[in-house]
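Since the structure comes first, as structure tokens, the remarks are kept for the end.
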Amino acid sequence: MADTMDPPGGDERIVDLRTALEERYLSYAISTITQRALPDARDGLKPVHRRILHAMRLLKLDPGQGYKKSARIVGDVIGKFHPHGDQSVYDALVRLAQDFAVRYPLVDGQGNFGSVDGDSAAAMRYTESRMTEIASRLLEGITENAVDFRQTYDGEDEEPIVLPSNFPNLLANGSSGIAVGMATNIPPHNVAELCDASLHLLANPEATAKDLIRFVPGPDFPTGGVLVDDPAATEQAYTTGRGGFRIRAKWETEDSGRGTYQIVITEIPYGVQKSRLVEKIAELLLARRLPLLKDVRDESAEDIRLVLEPRVRTVDPVLLMESMFKLTELESRFSLNMNVLDMGLTPRVMDLAEVLKAWLHHRKEVLIRRSQFRLDQIEHRLEVLGGYLIAYLNLDEVIRIIREEDDAKAVMMARWDLTEVQADAILNMRLRSLRRLEEIEIRTEFDKLSEEKTHIEALLGSEKKQWGVIATEISELRKTYGPDTELGKRRTTFAQAPDTDLADIETAMIEREPITVVLSEKGWIRALKGHNNDIAAQNFKSDDRLMLGFTCETTDKLLMLTTGGRVYTLGADKLPGGRGHGEPVRIMVDIEEGQDIVDLFVYRPGAKRLIVSDAGNGFKVAEDDMIANTRKGKQVLNVSGGQEARLCVPAEGDMVAVIGQNRRMLVFPADQLPEMTRGKGVRLQRYKDGGVSDARMFMAADGLTWTDSSNRTFTKSMDELRDWIGDRAQAGRQPPTGFPRNNRFKG
């Protein structure tokens, strides 16, 4: 690091650039954290909001007074306290007046202050403002030495460091902000619930955030909505100070007549712009991503009313709304990060109990300071009244001294042992006060103030009495903003999200259309529209040909088995169209090198399959257990050495028929087969050489059926199959006459 030196002609210093940058960036970061972005835990305000309310108080914009232009307020704020841009200050003022942005508005606005649609407020020269009753509560006692003041940025005035805050503003109105390296995000809450939690905390100082959740079950947003969070997630959020809340729009169905209905949304999640929400839904409709929805209309006036019209009347409204919640901002997540300034200095994440304790201890400090301020006033007044009483008792002598003595003040102080304050008060008395009635009033006031002084001294000497006064104040606050009041009643309700299968929701969002799936031997796949397609007439690459084809719907899922025993899941709606040769299935899923496709079939919930390796090992497996959620698929049949998966046939029946490449067939009961989710399985048939060729499960009552190369169908009853019936893992014998030469049950 270079030594400090004084270059000629100035006071410049040579410093290390890294050190200088670190110092300056740290200074900037601390300034951003403490003076801009994070709220104080005591009053829940950032400096700009605190300065706005302080400026409004100085302008005497109390709730009962008239309004003043917002431009006047903004001018005072930026001129005296907050030397920043006027638009940023006005934006902060506007937000404090928006009843859809702030749960308990601090500014009573007159004029256009914006809307839930995202419309901006009118210019500050057109709007007028004054404080609300709640803002007055935040400022209550500020002239009674309740809080400390500091000099403003130019040193010409003073501003409060924190407000007295007779209102739990931090949690009641919430806060959000981004500082340097940290952020805060606190949702609004119901003040009556916060009061209940605070009273419980006063009665039980050791109570934890977990204990307080029964009083504060969750946020209470100004726009209402429905909280659908798991109680465990809510508990985790409040006990750690970090987490989140899922909030959904509130909706109901309306009968439209003739068996039809429509869905009406009356409340939307907090912070969502209604116009943007409608626009997003319309975009999804045009993109055909909401096949269950026909139309969306905004019929809102003063209240929110969004109308969703289902495509057909048979659509399940719950399923429709679940698909809407999945794709739109009708469901949103509000993150919780209670990172606040502790005592206005230290940023840290607090839990629910710590935030309430910070407010309660601040209220105690305010109570002590206001009480001491009042006590000092009383003592001063009692001192003055004591002087007045001495003057009345010696009125003639007082008059003589004033008339005759050169230094009447000193003479009186010496004559009756008066203090300087008492002597000044006597000398400043008006002549009209020298009547008998005034003496009686002074004695009455003296006795009354003496009684009040005794009460305040007892209060200051007892912490129990101090908390008792605070409890009374909180009880009065709860009564004023209780659940039976218009402003205090809870707006956000609680509910459990419907137990809807995610697969049902995903299926509901796919437009259902008939398709024909075509797969080639080289693994090229395509989906032809409709079911009336000639699969045999399809064209393939010169060295490729048809492997299999079948019909299904775009809402179906397809299961694909490879020779490695791994099963992959394909969405029928995501298959390439029927033009050309399609696309290789390997670009849709990650099939391991050297493995080929064994079978592709439509997934049927609840169905089962018989899966078999070429060595003749196999087991039954539920198709539900074959579903793979990733591109890598799911290992179902374990194969080793040179073995490969060979068959995956429907497991429908109580008998199993297996035929090997050695043209020997065995029939045995299906209950000899285990049902597994994954494994090697058990031996179905024993071979000296070769392996399994085909297998089929069938009902004993229906008999075994096969089809030859000429599409002729043969059926053998159990009596006719008596010679082939045995136990699993036997060798079997030559198949009946007429069985296809390719050793397959379908020739």
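Other residues with beta-carbon under 13 Å from the beta-carbon of F167 carry, at +1 per Lys or Arg and -1 per Asp or Glu, a net charge of 0. Short-range pairs are left out: with C-alpha atoms under 8 Å and at least six residues apart, the relative contact order of the chain is 9 percent. The equivalent ellipsoid of the stretch 502-724 has semi-axes of 30, 20, 19 Å, largest first, where each one is the square root of 5 times an eigenvalue of the Cα gyration tensor.
To the nearest 0.05, what FRET efficiency results for A701 and D624 with a Förster distance of 30 Å applied to their C-beta separation? Calculated value: 0.65. Sequence-ordered 3J(HN,Hα) estimates for the stretch 702-718 from the Karplus curve with 6.51, -1.76 and 1.60 and θ = phi - 60° stand at 8, x, 8, 10, 9, 10, 8, 5, 9, 6, 8, 9, 10, 10, 10, 6, 5 Hz, glycine and proline given as x.
Among H82, H380, the ranking by other beta carbons within 10 Å of each residue's beta carbon, starting with the fewest, stands as H380, H82. By the equivalent-ellipsoid construction on the alpha carbon gyration tensor, the stretch 156-314 comes out with semi-axes of 39, 20, 16 Å, ordered largest to smallest. For the stretch 306-372, the fraction of C-alpha pairs more than 21 angstrom apart is 57%.
The Stokes-Einstein estimate for the stretch 456-566, based on a Kirkwood radius over Cα pairs and taken at 4 °C with 1.567 mPa s viscosity, is a diffusion coefficient of 61 µm²/s.
Its convex hull of Cα atoms gives the stretch 637-747 a direction-averaged projected area, equal to a quarter of the hull surface, of 6.9 nm².
Normalised by the number of residues in the stretch 166-302, the average gap of Cα pairs under 8 Å and 6 or more apart makes the relative contact order 14 percent.
In the structure shown, the pairs K280/K326; K557/K634; K608/K688; K557/K632; K620/K688 are assessed against 20 Å; a Cα-Cα span above that value is assigned to K608/K688; K620/K688. Here the scattering of the stretch 99-234 is modelled by Debye summation over its C-alpha atoms, one equal scatterer each and no solvent; at q = 0.11, 0.15 Å⁻¹ the log10 of I(q)/I(0) is -0.59, -1.04. Modelled this way, with points 7 Å down the Cα-to-C-beta line, the labels at R150 and N711 are 9.1 nm from one another. Each Cα pair under 8 Å and six or more residues apart adds its sequence gap; the mean of these over the residue count of the stretch 647-704 is a relative contact order of 52 percent. Taking one equal scatterer on every alpha-carbon of the chain, how large is log10 of I(q)/I(0) by Debye at q = 0.06 1/Å? With one equal scatterer per Cα and no solvent, log10 I(q)/I(0) is -0.64.
Placing +1 on the Cβ of every Lys and Arg and -1 on the Cβ of every Asp and Glu, with no other charges, gives the chain a dipole of roughly 3500 debye about its Cα centre.
For the stretch 589-638, the mean projected area of the C-alpha convex hull, equal to one quarter of the hull surface, is 3.9 nm².
Helical runs (DSSP H, four residues minimum) scored at -39500 (n - 2.57) apiece and divided by the length of the chain put the mean residue ellipticity at 222 nm at -9500 deg cm²/dmol.
Neighbour counts of C-beta atoms inside 10 Å place H54, H84 in the sequence H84, H54, starting with the fewest. Remark on the stretch 250-329: hydrodynamic radius 12.8 angstrom, per the Kirkwood mean of 1/r across alpha carbon pairs. The convex hull of the Cα atoms of the stretch 14-150, projected and averaged over all directions, covers 10.8 nm². Report note on the peptides 416-422, 347-353: ranked by the mean count of other C-beta atoms within 10 Å, highest first, their order is 347-353, 416-422. Candidates V667, F698, Y687 compared by Cα position along the dipole of the stretch 653-701: farthest toward the positive end lies Y687, with charges placed on Cβ.
FYI, it's all coordinate maths here, none of it is from the lab. In this text, all values refer to a predicted model and were calculated from it rather than measured experimentally. Please note: Cβ atoms are built from the backbone with ideal geometry, for glycine as well, and neighbour counts cover all protein chains shown.
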